[in-house]
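Structure, as structure tokens:
A short reminder: the numbers here are calculations on the coordinates, not readings from a lab. Just so you know, these numbers come straight off a predicted model, no measurement behind them. Positions of Cβ are backbone-derived with ideal geometry, glycine not excepted, and every protein chain shown enters the neighbour counts.
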Amino acid sequence: MVDLEKLRFAKTHEWLRVEGNIGYVGITDHAQKEITDVVFVELPKIGKEVAKEGEAAVVESVKAAFSIYAPVSGKIVKANGAVEKDPSLVNKSPYEEGWFFAIEIKNASEAASLMTYKDYLEFLKSGAH
Amino acid sequence: MTSIEDRKTPLYEAHRGLGAKIVSFHGWLLPIQYTSIIEEHNATRAKAGLFDISHLGKLEISGKYAKPFLQNIFTNNIEKAVPGKIVYSPLCKEDGGILDDVFIYNAGADRYILIVNASTFEKDLAWMRSRNKAGAVIKDINASLGGIALQGPASDTILAKLCGADLSQLKHRHFIEAKVDGCYALLSRSGYTGEDGFEMFIPAEESIKVWNDILEAGKSHGLIPAGLGARDTLRLEAGCPLYGTDTDETKTPLESGLERAVDFSKDFIGKEAMLEKKRKGVKEILAAFRMLDRAIPRTGYIIEKDGNEIGVVTSGTYSPTLKENIGFGYVKPDNSGAGCGFDIVIHGERKRAVVVETPFYRRKK
């Protein structure tokens, strides 16, 4: 099981799991419930440079398309082919099998400035999202 | 987003009780989904789905001037609506622009029930009153009736448990006035999903009881409640255009693929304009297409041919049954025939699509 306390969260509902200088990115359980049945995922190409809060991937439900933003700046080093093949992994396992891509983190302070899980739950409760 | 003006259907509390996600749809609070659009879609194709269709507008046209009035305002021939039969027709303006598409039920004895779209109800009513030179009696019966659609291959078996009428005698696009679950029902074999099934209009105050009893009777047959999300994917697969999305006042039946519901052998409002258009030729036609590249077309996306804009997507979705991406869009007539290829600009990239015949999905008989 993933330890949610170790993840960091963006206001746009992405999570970041840091392993060394690599950050894995996915969307939260709250976000997958809002998006509903994910039927298509478009991932960034490996080697692409993304900026913090820049669009990095697209997730589509039956009804609509949603942008996924990079929570930190850096270079894309991995893309999860499993979610391209089976987009429903995003709904079934948002924090584990449903991750989208990994970024080589340029600036560790960007990761540190994201919300903790506790902050994120407060953020959801506040209704500001 | 909901606003204070949104109306609740007679089934609203039932949807809340089922934990539905509620949205505002043309002024009505309706369930978009209960659990999952795909689950509800698949259940309707494989077993059965139960839909709230109370938002559809209901009008009664009666009196000895009813028929000439309907013949004048509708493009299709009302003579086809023998008692017990339902006829589909566009309702057009003088310039041929489509105000709505309507189901006309001939209830006999100069009485007709019209089922119109939720989004156009007020407009239709005002239009009909303004064009009622014949002197037909036009009655708004919207609030008095709730509506339920039971759709899918198990519909017959499920409804037979609650309805004494011989359903095997009820043919497609025909209706009866019968008792369902002990309540009056305007009951038809019809729908908007491409499956066999029934639509019924019942007294508003008894709607929740009938809804719950059908759900209970259908439980062992795989029936689940289904929302607007599944209704939209089902109708798209079935190749049914949606008024306000795939057709509107800027289009005539000639552009919208509805010419089969226009009878040029009789007179009707909009006939001259449509004949003129037929002579000159239309500039755009509604085409059904499927994606060759993996990408989902959505309303408003641009259609291109060799880099030039030739049209726009009006509806698009991932098709849960076909497991491919499909849509409708207006394109120049040269590009509208089955087999024609074009590109759709999706997230800034050109993705290939090909025109196909409708329906996308046809049920096995």
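Panel order for B:K219, B:K139, by other beta carbons found within 10 Å of each beta carbon, from fewest to most: B:K219, B:K139. For segment B:10-19, the Karplus equation 6.51 cos²θ - 1.76 cosθ + 1.60, evaluated at θ = phi - 60°, returns couplings of x, 9, 3, 5, 5, 5, 4, x, 8, x Hz by residue, with Gly and Pro reported as x. Net charge dipole, segment A:4-126: roughly 180 debye, given to the nearest 20, about the Cα centre with Cβ charges of +1 for Lys and Arg and -1 for Asp and Glu. Of the residues A:F40, A:Y24, A:I76, the one whose Cα sits farthest towards the positive end of the charge dipole of chain A is A:I76 (charges of +1 on Lys and Arg Cβ, -1 on Asp and Glu Cβ, taken about the Cα centre).
For chain B, no complete DSSP H run has alpha carbons reaching 20 Å or more along its own long axis together with a mean Kyte-Doolittle score of 0.5 or higher.
Rg of the Cα atoms in segment A:4-126, relative to 2.2 N^0.38 Å, amounts to 0.96.
Per residue, the protein assembly as shown reaches -5500 deg cm²/dmol at 222 nm when only DSSP H runs of four or more residues are counted, each adding -39500 (n - 2.57).
For the pair A:S113 and A:M1, the difference between a 0.36 nm per residue extended length and the Cα-Cα distance amounts to 37.9 nm.
Each part gets one Cα centre, and for segment A:42-65 versus segment B:1-65 those centres are 33 Å apart.
Summary value for segment B:107-204: 27 percent relative contact order, contacts being C-alpha pairs under 8 angstrom separated by 6+ residues. Taking θ as phi - 60° and the Karplus parameters 6.51, -1.76 and 1.60, the scalar couplings of segment B:145-153 work out to 10, x, x, 9, 10, 10, 10, x, x Hz in sequence order, x denoting glycine and proline.
Built from the Cα atoms of segment B:26-168, the convex hull projects on average onto 10.3 nm², one quarter of its surface area. Placing R0 at 30 angstrom, the Cβ-Cβ distance between B:K219 and A:F66 gives a FRET efficiency of 0.30 after rounding to 0.05. Around the Cα centre of chain B, unit charges on the Cβ atoms of Lys, Arg, Asp and Glu (plus for the first two, minus for the last two) sum to a dipole of about 640 debye. The chymotrypsin sites (Phe, Trp or Tyr not before Pro) of segment B:228-322 meeting both criteria, a DSSP state outside H, G, I, E and B (loop) and at most 16 other C-beta atoms within 10 angstrom of the site's C-beta, are B:F264. In sequence order, segment A:84-95 has phi-based couplings of 5, 6, 10, x, 5, 4, 4, 7, 6, 8, x, 8 Hz under the Karplus curve 6.51 cos²θ - 1.76 cosθ + 1.60, θ = phi - 60°, and Gly or Pro positions carry x. Rg over Rh of segment B:19-73, using C-alpha atoms and the Kirkwood radius, what does it come to? When Rh is taken as the Kirkwood radius, the ratio is 1.23. From the alpha carbon centroid of segment B:329-365 to that of segment B:262-290 is 21 Å. As a length-normalised measure over Cα pairs under 8 Å and 6 or more apart, the relative contact order of chain B settles at 18 percent. Taking amide H positions as modeled 1.01 Å from N, with prolines and chain starts lacking one, the residues under 5 Å from B:S319 and 5 or more places away or on another chain are B:E324, B:N325, B:I326.
Across the alpha-carbon atoms of the protein assembly as shown, the computed radius of gyration and Dmax are 25.3, 83 angstrom. For the protein assembly as shown, a crude dipole built from +1 on the beta carbon of Lys and Arg and -1 on the beta carbon of Asp and Glu, taken about the Cα centre, is about 980 debye to the nearest 20.
Give, as a single signed number, the net charge of other residues whose beta carbon lies under 13 Å from the beta carbon of B:R16, with Lys and Arg counted +1 and Asp and Glu -1. Local charge sum for B:R16: 0.
Our summary gives segment A:4-126 a relative contact order of 32 percent, counting only alpha carbon pairs under 8 angstrom and 6 or more residues apart.
Of A:K11/B:K21; A:K48/A:K85; A:K52/B:K323; B:K133/B:K278; B:K64/B:K283, which sit over 32 Å apart, Cα to Cα? A:K52/B:K323; B:K64/B:K283, as the Cα separations exceed 32 Å there. Geometric descriptor of chain B, per residue, is 140 Å³ (volume of the convex hull of the Cα atoms).
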